[in-house]
Every structure is written in C-alpha cells, then in structure tokens.
Amino acid sequence: MSKFKAIRIVKEPAYAASYSEFDESELMDGDVTVRISHSTVNYKDGLAITGKSPVVRRFPMIPGVDFAGVVESSSNPEFKPGDAVVLNGWGLGETHLGAYAQKARVKAEWLVPLPKEFSPAQAMAIGTAGYTAQLAVLALEKHGLTPERGPVLVTGAAGGVGSVAVSLLATLGWHVIASTGRPEEAEFLKKLGAAEIIDRAELSGPGRPLWKERWAAAVDSVGSHTLANVLAQTKYEGAVAACGLAQGMDLPATVAPFILRGVSLLGIDSVMQPKAKRLAAWARLARDLDPAKLEALTTTIGFDQVIETAEKILAGKVRGRVVVEIG
Ligand code: NDP
C-alpha cells in the first residue's frame with residue numbers, strides 16, 4: 001500500500017490535527033520501514049495533538065511518540081522483514097513523522113527489538129510513560145536507595161508514569177505513598193500496591209523551604225510547587241527522580257533540602273537515552289512489572305479515539321495507560 005491512514009497535524013491556516021491519509025513518498029529518511037500495530041497516548045502526545053505546547057517542530061506532522069510493530073523492509077543488516085520492534089522517543093512525533101499511522105520509516109539505531117516477554121500491545125501499555133517510570137526507579141537505585149531507607153512517594157500516581165511507578169516500586173518491596181487528586185482512584189492505586197494514599201492538594205500549593213522528613217525517595221511527574229514540596233519533605237540523603245511537568249514547568253524551591261539534608265534531584269529524560277540503557281530498562285520491566293497489574297492499569301482504544309483521548313489526558317481524566325490499536 002502506498003497510501004496509509006495517519007493523523008496529520010498542520011499549522012496553516014490554524015493548528016489542527018485530523019484523521020487523514022499519507023502517501024509513502026511523504027515518509028522521511030530512515031533505513032527501516034515498520035508496519036505499526038500498536039501505539040499509546042502519553043501526556044506529550046496530548047500536548048502535540050492539541051497544540052497546547054510547542055512539541056511539534058515540523059509540519060505536516062504525524063504525532064505519536066512511540067509504537068510497536070513489525071519490520072516491513074530494511075536496508076540495515078540489524079533488522080529484517082518480520083522482526084517485531086518497539087520505538088520510544090528520538091523525536092518521533094516531534095521532528096520525525098510519528099506513530100499515529102499505519103507505517104513509519106525510521107533509523108535502525110532508534111529501534112529496540114520487542115522484548116520476548118511482552119506482546120506488542122503490552123509493550124505499548126508500558127510505552128514511554130512506563131519506560132520512564134522504570135528509568136526513574138533505576139536512577140533511585142543507582143543513588144543507593146533501597147526500601148530499608150524509608151517510604152517512596154509517587155506523585156501523579158493515577159497517571160501513566162505514576163501508575164507504572166507505583167506497580168514497580170511495590171513489587172520491589174517499597175512502602176509506596178501515592179499522591180493523587182482523584183480520591184476515587186484510591187482502590188485502583190491500592191491494587192497496584194500503594195500502601196498509603198495522600199491528597200495531591202497537600203503538595204500542590206506554595207510551601208516552606210523545609211518540612212518534616214517523610215520519604216526517602218520520590219518519583220515526581222508533576223513539577224512546580226509539588227516538586228518543591230516533595231524535596232522539602234525528603235529524608236536526609238534521599239533523592240527525587242523528576243520526570244514531568246503536569247502541574248507546571250517551574251520549580252519554586254529553595255536550596256535548603258540540598259544543602260541542609262543532602263537531598264539529590266535526579267533528572268530523567270526518556271527521549272535521547274542510548275540503546276544500552278533502553279535495553280537495560282526493558283529487561284528490568286520484564287523482570288519486575290507484574291503482568292496482572294499492567295493489565296489492570298491499561299485501557300485499549302481504537303485509532304479513531306486518539307484525538308479525543310489526547311484532550312482527556314491533558315484534563316487529567318485518563319487513568320493509567322492507554323493502548324491504541326492501529327490495526
Ligand atoms: P498522565 O496525564 O497520564 O499523568 C499525569 C498525572 O499528573 C495525572 O494523572 C494527575 O495524577 C497528575 N496531574 C495532572 N495535572 C496536575 C496538576 N495540575 N497538579 C498536580 N497533579 C496533576 O501523563 P503521563 O504519565 O504520560 O506523563 C506525566 C508527566 O511526565 C508529563 O508531564 C509528561 O510530559 C512527563 N513525561 C516525561 C518523560 C521524560 O522523558 N522525562 C517521559 C514521559 C512523560 P492524579 O490524577 O493521580 O493526581
């Protein structure tokens with residue numbers, strides 16, 4: 001097929017995303033062509049589709065930052081037709097035509113073989129958000145933190161990064177405190193392994209430079225005042241893995257937690273991670289992510305529901321992770 005279904009974002013006459021058709025001749029440079037079977041909806045996809053933040057830097061664009069699929073053709077010896085593959089990040093859906101399409105042409109070095117433990121749908125249930133949660137857990141471990149040091153806090157707990165982080169950390173034996181603005185999701189979070197639920201309002205307003213020490217570690221996908229308050233309540237020589245900005249990109253904090261308690265702020269980026277670190281993260285997901293919990297936190301939608309789901313995720317109305325069946 002030279003024509004294929006895709007979501008097209010244009011910026012003239014006004015920024016807009018719509019279901020459309022692309023021609024293979026419009027695909028960008030790359031040495032591997034993939035037939036996409038599944039994708040997912042991440043927060044960043046919501047920003048791209050709605051145009052709420054300048055995520056898209058090339059027009060027309062096909063949004064979608066990650067996919068699972070099967071190699072259709074390859075001029076790179078590392079991949080051959082029929083190989084099952086996964087791709088997260090590398091500018092997909094931002095600078096390079098992305099995942100909400102039946103086809104993609106990409107660079108071989110961006111692709112990771114689909115881990116044998118996961119189906120393509122499960123790999124996208126994990127998706128960028130879940131793989132980022134795993135990178136955050138690895139960063140806390142690299143810092144030397146273990147469950148014996150005290151509880152771990154997860155903010156934005158009912159979201160994509162948050163729900164996978166809760167699941168992974170609980171399996172590893174951490175006492176997980178889940179912060180959420182959705183009290184109705186308390187049971188869901190407990191099923192994933194949260195030991196305590198706190199109201200995100202406790203953390204989201206302007207706070208003091210230091211508060212009572214409450215947690216040894218944290219995974220924060222919220223930023224802004226929340227991250228400042230999380231740092232201010234982190235125990236001596238604890239660490240916070242910062243990966244998101246659902247509340248805001250600002251960080252209205254003081255240096256007090258760093259210089260008086262030796263707290264560390266660990267930055268997490270999923271987009272440009274080298275392949276070796278990606279493979280290590282997928283291997284740990286295969287070991288530590290309980291498939292029953294993954295299923296419990298996943299909802300599946302059709303290709304024609306992506307645009308409406310993009311709006312829902314920005315409104316904080318998506319629970320856990322969403323798999324898109326591209327078909
Ligand atoms: P989701 O929308 O699924 O989750 C975000 C969660 O944050 C929401 O579910 C909600 O949790 C909470 N939240 C939303 N708005 C606010 C607010 N105003 N104040 C406080 N909490 C809020 O998104 P994802 O999990 O896909 O992504 C989370 C963040 O991580 C995003 O900012 C995203 O851009 C970032 N990210 C970064 C990556 C990286 O490479 N660094 C990779 C992937 C994601 P609840 O309802 O439980 O309160």
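The values are calculated or read from the model by the stated rules, or taken from the named source; none is laboratory data. Keep in mind it's a predicted model, so treat the numbers as computed, not measured. Here Cβ is always computed from backbone atoms with ideal geometry, including for glycine, and neighbour counts include all displayed protein chains. With ligands, DNA and RNA removed, areas are computed over all heavy atoms of the protein, side chains included. Shrake-Rupley method; radii C 1.70, N 1.55, O 1.52, S 1.80 Å.
With every protein chain left in place, what is the accessible area per residue of segment 82-221 in square angstrom, probe 1.4 Å? Please list the in-between numbers first.
Numbers: 4880 Å² over 140 residues.
Here the residues of segment 82-221 average 35 Å² of exposed surface.
Please find, in a Gaussian network model of the chain (springs between Cα atoms separated by less than 10 Å), the residue of Ala201, Ala246, Ala136 whose mean-square fluctuation is greatest.
Ala201
Carbon and sulfur atoms: what percent of the 1.4 Å accessible area of segment 129-267 do they account for? Intermediate results must be reported in sequence, preceding the final value.
On the way: 3020 of 5510 Å².
Carbon plus sulfur share of accessible area: 55 percent.
Give me, ordered by chain and number, the residues 5 or more places off Lys52 or on other chains with an amide H under 5 Å from its own placed amide H.
Under 5 Å from the amide H of Lys52 lies no amide H from a residue far enough along the sequence or on another chain.
Which whole-angstrom value gives the distance between the alpha carbon centres of segment 222-285 and segment 27-101?
So the two Cα centres are separated by 27 Å.
From the protein chains alone at 1.4 Å, what is the descending order of accessible area for Ser2, Ser39, largest first? Show your work: numbers first, answer last.
On the way: Ser2 65, Ser39 0 Å².
Order by accessible area, largest first: Ser2, Ser39.
In the Gaussian network model of the chain, springs joining C-alpha atoms below 10 Å, which of Lys312, Lys212, Lys52 carries the largest mean-square fluctuation?
Lys212
Based on DSSP loop calls and a cut-off of at most 15 other Cβ atoms within 10 Å, the longest stretch of the chain free of exposed GluC sites (Glu not before Pro) is what? Provide the component values of the computation, followed by the final result.
Numbers: sites that count: Glu78, Glu117.
The longest uninterrupted stretch comes out as 118-327.
Describe numerically, in nm with one decimal, the distance between label points set 7 Å from Cα along Cα→Cβ at Ser25 and at Glu117.
Here the modelled spin labels are 4.6 nm apart.
Over the residues of segment 166-295, compute the C-alpha Rg and express it relative to 2.2 N^0.38 Å.
Here the Cα radius of gyration is 1.10 times the empirical estimate.
So if we plug the beta-carbon distance of Thr254 and Lys3 into 1/(1 + (r/R0)^6) with R0 = 45 Å, what FRET efficiency do we get, rounded to 0.05? List each step's numbers first, then the result.
On the way: r = 56 Å, r/R0 = 1.25.
It comes to 0.20.
If the chain between Ala16 and Asp288 were fully stretched, how many nm would it gain, using 0.36 nm times the residue separation less the Cα-Cα distance?
Values: separation 272, 0.36 × 272 = 97.92 nm, distance 3.97 nm.
Value of the extension gain: 94.0 nm.
Count the net charge of all other residues whose Cβ sits under 13 Å from the Cβ of Ala186, scoring Lys and Arg as +1 and Asp and Glu as -1.
Numbers: positive: Arg182, Lys190, Lys191, Arg200, Arg319; negative: Glu184, Glu185, Glu187, Glu196, Asp199.
Within the 13 Å Cβ shell, the charges total 0.
For n ≥ 4 DSSP H runs only, could you compute -39500 (n - 2.57) per run for the chain, divide by its residues and tell me the 222 nm figure to the nearest 500?
That comes out to -8500 deg cm²/dmol.
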